[in-house]
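J.: Okay, handing you the structure first.
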Amino acid sequence: MGHLNLPISKRSPRQWRLLDLVSAAFFAIVFIFLLLVFTPLGDSMAASGRQALLLSTSDPGQRHRLAALVELGTQPVAIEACSADSVDHMPCEDPRRNSQLSREMNFYRERHCPLPDDTPLCLIPPPKGYEIPVQWPESLHKVWHSNMPHNKIAERKGHQGWMKLEGPHFIFPGGGTMFPEGAVPYIEKLGQYIPISGGTIRTALDMGCGVASFGGYLLAEDILTVSFAPRDSHKSQIQFALERGIPAFVAMLGTRRLPFPGFSFDLVHCSRCLVPFTAYNATYFLEVDRLLRPGGYLVISGPPVRWANQDKEWDDLQAVARSLCYEIIVVEGSTAIWKKPLGDSCLPNQNEFGLELCDESDDPSYAWYYKLKKCVSRTSTVKGELAVGTIPKWPSRLTKVPSRATQMKNGIDVYEADTRRWLRRVAYYKNSLNIKLGTPAIRNVMDMNAFFGGFAAALKSDPVWVMNVVPARKPPTLAVIYDRGLIGVYHDWCEPFSTYPRTYDLIHVAGIESLIKDQGKNRCSLVDLMVEMDRILRPQGTVVVRDSPEVIDKVGRIARAIKWTATIHEKEPESHGREKILVATKKFWKLPSASH
């Protein structure tokens, strides 16, 4: 048999080496491709690349294109997570940006919101080790340390009974700087001079609230307290309050009115709130007076009341109160209690502060970015039952038509129809949509478009509290909400809300697109609004949106892009109109680095 002769390769050794390199490169590319497609590394690298795109604010056009893609939903686009250092981000209370502003009258500690184009379009992540919050009422006494791993308050205020670290929890003994033995005996002491029990007092304002133990323990008396404090050196006071399930939000008494209507609170409380009430010609005392109902109670506990080295401030405080004909009820230790007069009859009078009544044209309920006035708000500008002792007691206050509703066109009929409508709708939410209202899973609730507070009123028997938000460009119905014994704030939803991330269990909004429209045009982006809703919603929290089918479809597309699981439902059979209802759940996701 002959041998088979194969031709000798004509390729040179150098050509073989080049072919080997090309083949190796090809196989390496294939390997990397498979690695990226089928392993978490690919997700991580892709996310970081998209993150760089999303977090870039140097090109607003890029941000607009991303928002438009999300809203159109023509291709699957996901909004990615923000960086790990943004877990407590509050866009309008960013100390790094606000520190550049004037310190006059605490201007730099008020709300100062960035333009949307200067805001990263990304989702705020939870902190490492985040747990689903402890449920109410147990949360009043303890919360997970890992949800807010900020030890400063516990270290500084532990001896005063504010809070302390115990195992995996922060616990709250119920104390405060002026009541280290606990809020309960302090409230009982106040009850000797103020009708705490029995429904006479329903709405309270706690200024500089700390971790809001005062408001938390007033709930046992059916008193609903709005607690507020600025974002300051005691990091996360308001975040702790909300984690505990106590109504609270971030605010500062500075150059503008607080976002509440006039004559809304039966009780205003300051326990070492350090507000300089007599400074700037008593401007801050006049703001308290604007908010307090005729016949309401003012409690100041701590400086300057009989406080060392503050004799002049204490004398001035008493003089201002006398000028407005406030009745001093008691001064005991460093706690003073006054009662506001029932009418305007005290002024004008001769007083060392030169205080005068505001013009008849001044509306005491204008309060969204409204500068503080150095005049006394007239109760006579508001008709009807306002005074503590005259306005119905709680709970009958909830259902009786408030006098401020009767001043509106067809107010009585609209109010009564609204009440019936929401009783029907909430029953449908619970019975047919299986929303967990009435269970321990939902405690902190927000109604983004509250009108008369009918949604909140329908939840009266549930273990919840509701932050009723009245949009600043809509009819000013927030005073009616307070007259019902409910609470809320003014807000413009083209700006972020003044709260920490992960602070609400359920967010409800009827007519979401109306919040961003003006004369038929969008003032801001629905994508930005829903990213903000995601920021303030707790993981596994619920969103309920009612709107037209076209808007609900758009909301559903955005919901997918921000990792919500959403279902769309028909409205309750008795309702008229073209509404549909979207119910969404925020997924409990974590940053890759936080999941190991």
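The values are calculated or read from the model by the stated rules, or taken from the named source; none is laboratory data. Everything numeric here is computed off the predicted structure, so don't read it as measured data. Neighbour counts run over all protein chains shown; Cβ positions are idealised from the backbone, glycine included. Just so you know, the surface numbers come from the protein's heavy atoms only, side chains and all, with ligands and any DNA or RNA stripped out. Shrake-Rupley method; radii C 1.70, N 1.55, O 1.52, S 1.80 Å.
J.: Cβ-Cβ distance below 8 Å, separation of 6 or more or different chains: which pairs start in the stretch 346-371 with a residue that is on the phi > 0 side of the Ramachandran plot and end on one that is open to solvent by 50 Å² or more (accessible area, probe 1.4 Å)?
T.: From residues that are on the phi > 0 side of the Ramachandran plot, the pairs are Gly354/Asn281.
J.: Tyr280 passes all but one of (1) open to solvent by less than 20 Å² (accessible area, probe 1.4 Å); (2) in contact (Cβ under 8 Å) with a residue 60 or more places away in the chain; (3) among the hydroxyl-bearing types (Ser, Thr, Tyr); which number fails?
T.: Here Tyr280 meets the rest and fails (1).
J.: Let me spell it out: the conditions are (1) surrounded by fewer than 14 Cβ atoms within 10 Å (Cβ to Cβ); (2) in contact (Cβ under 8 Å) with a residue 40 or more places away in the chain; (3) of a type in the set (Lys, Arg), and Arg109 meets all of them except one. Which number is the exception?
T.: (1)
J.: Among the residues of the stretch 112-150, what is the count of those that are part of a loop (DSSP other than H, G, I, E, B), polar (S, T, N, Q) and either open to solvent by less than 40 Å² (accessible area, probe 1.4 Å) or closer than 23 Å to Phe228 by Cβ (or both)?
T.: Of the residues in the stretch 112-150, the ones part of a loop (DSSP other than H, G, I, E, B) are 112-115, 119-122, 124-137, 141, 148-150.
The next check asks that each one be polar (S, T, N, Q); those that pass are 119, 135.
Checking which are either open to solvent by less than 40 Å² (accessible area, probe 1.4 Å) or closer than 23 Å to Phe228 by Cβ (or both) leaves us with 119.
Result for the stretch 112-150: 1.
J.: Does the stretch 406-422 hold any residues that are touching a residue at least 24 places away in the same chain (Cβ under 8 Å) and assigned to a helix (DSSP H, G or I), and which are they? Full working, then the answer.
T.: Kept after step one, since they are touching a residue at least 24 places away in the same chain (Cβ under 8 Å), are these residues of the stretch 406-422: 407-408, 414-415, 418-419, 421-422.
Within the stretch 406-422, Val414, Tyr415, Asp418, Thr419, Arg421, Trp422 qualify.
J.: Quick check on Gly216: is it assigned to a helix (DSSP H, G or I), under 24 Å from Val305 (Cβ atoms), touching a helix residue (DSSP H, G or I) at 6+ places or on another chain (Cβ under 6 Å) and at pLDDT 95 or above? I'd like the intermediate steps shown before the answer.
T.: Values: assigned to a helix (DSSP H, G or I): yes; under 24 Å from Val305 (Cβ atoms): yes; touching a helix residue (DSSP H, G or I) at 6+ places or on another chain (Cβ under 6 Å): yes; at pLDDT 95 or above: yes.
Considered against the rule, which asks whether it is assigned to a helix (DSSP H, G or I), under 24 Å from Val305 (Cβ atoms), touching a helix residue (DSSP H, G or I) at 6+ places or on another chain (Cβ under 6 Å) and at pLDDT 95 or above, Gly216 comes out as yes.
J.: Moving to a separate point now. Across the stretch 371-394, what is the total count of residues that are open to solvent by less than 60 Å² (accessible area, probe 1.4 Å), at pLDDT 90 or above and not polar (S, T, N, Q)?
T.: 10
J.: State all residues of the stretch 430-456 that are surrounded by 23 or more Cβ atoms within 10 Å (Cβ to Cβ) and part of a helix (DSSP H, G or I); if no residue qualifies, say none.
T.: The answer is Gly454, Phe455, Ala456.
J.: Kindly indicate whether Ser86 is of a type in the set (S, T, N, Q), under 26 Å from Trp589 (Cα atoms) and either touching a Gly at 6+ places or on another chain (Cβ under 7 Å) or in contact (Cβ under 8 Å) with a residue 60 or more places away in the chain (or both).
T.: no
J.: Follow-up question, since we're still on this one. Among Val211, Val143, which is the only one that is at pLDDT 95 or above and at negative phi? If you could, list the steps in order and put the result at the bottom.
T.: Values: Val211 fails: at pLDDT 95 or above.
Only one candidate passes the filter, namely Val143.
J.: Same structure again: Across the stretch 212-227, what is the number of residues that are touching a Phe, Trp or Tyr at 6+ places or on another chain (Cβ under 9 Å) and open to solvent by 10 Å² or more (accessible area, probe 1.4 Å)?
T.: Taking the stretch 212-227 as the starting set, the residues that turn out to be touching a Phe, Trp or Tyr at 6+ places or on another chain (Cβ under 9 Å) are 212-214, 216-217, 219, 222-227.
Next, only the ones that are open to solvent by 10 Å² or more (accessible area, probe 1.4 Å) stay: 217, 219, 222, 224.
Here the count works out to 4.
This table checks each residue for (1) assigned to a loop (DSSP other than H, G, I, E, B); (2) farther than 23 Å from Gly254 by Cα.
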{"position": "Val330", "(1), (2)": "no, yes"}
{"position": "Asp344", "(1), (2)": "yes, yes"}
{"position": "Asn349", "(1), (2)": "yes, yes"}
{"position": "Ser361", "(1), (2)": "yes, yes"}
{"position": "Tyr366", "(1), (2)": "yes, no"}
{"position": "Lys374", "(1), (2)": "yes, no"}
{"position": "Ser380", "(1), (2)": "no, yes"}
{"position": "Gly384", "(1), (2)": "yes, yes"}
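J.: In the list Gly174, Gly161, which residue meets the criterion of being modelled with pLDDT under 95 and in contact with a Pro (Cβ under 8 Å, 6 or more places away or on another chain)?
T.: Numbers: Gly174 fails: in contact with a Pro (Cβ under 8 Å, 6 or more places away or on another chain).
It is Gly161.
J.: Please determine whether any residue of the stretch 491-508 is of a type outside the set (Phe, Trp, Tyr) and assigned to a helix (DSSP H, G or I). Break it down stepwise before answering.
T.: Of the stretch 491-508, the ones of a type outside the set (Phe, Trp, Tyr) are 491-492, 494-496, 498-499, 501-503, 505-508.
Checking which are assigned to a helix (DSSP H, G or I) leaves us with none.
No.
J.: Right, here's the next one. Out of all the residues in the stretch 219-265, which are among the β-branched types (Val, Ile, Thr), under 21 Å from Lys460 (Cβ atoms) and part of a loop (DSSP other than H, G, I, E, B)?
T.: Taking the stretch 219-265 as the starting set, the residues that turn out to be among the β-branched types (Val, Ile, Thr) are 223, 225-226, 238, 246, 250, 255.
With under 21 Å from Lys460 (Cβ atoms) added as a condition, the list becomes 223, 225-226, 246.
If the condition is that a residue be among the β-branched types (Val, Ile, Thr), under 21 Å from Lys460 (Cβ atoms) and part of a loop (DSSP other than H, G, I, E, B), then Ile223, Ile246 are the ones that fit.
J.: Further question on the same structure: Kindly provide the set of residues from the stretch 369-404 that are over 13 Å from Gly262 (Cβ atoms) and among the aromatic types (Phe, Trp, Tyr), ordered by number.
T.: The answer is Tyr369, Trp394.
J.: I'm trying to understand the selection: among the residues of the stretch 315-336, which are farther than 13 Å from Ala282 by Cβ and buried (at least 20 other Cβ atoms within 10 Å of the Cβ)?
T.: Thr335, Ala336
J.: Quick check on my filter: what residues within the stretch 160-204 are in contact with a Gly (Cβ under 9 Å, 6 or more places away or on another chain) and not in a loop (DSSP other than H, G, I, E, B)?
T.: Matches in the stretch 160-204: Gln160, Lys164, Leu165, Gly176, Phe179, Ala183, Val184, Tyr186, Thr203, Ala204.
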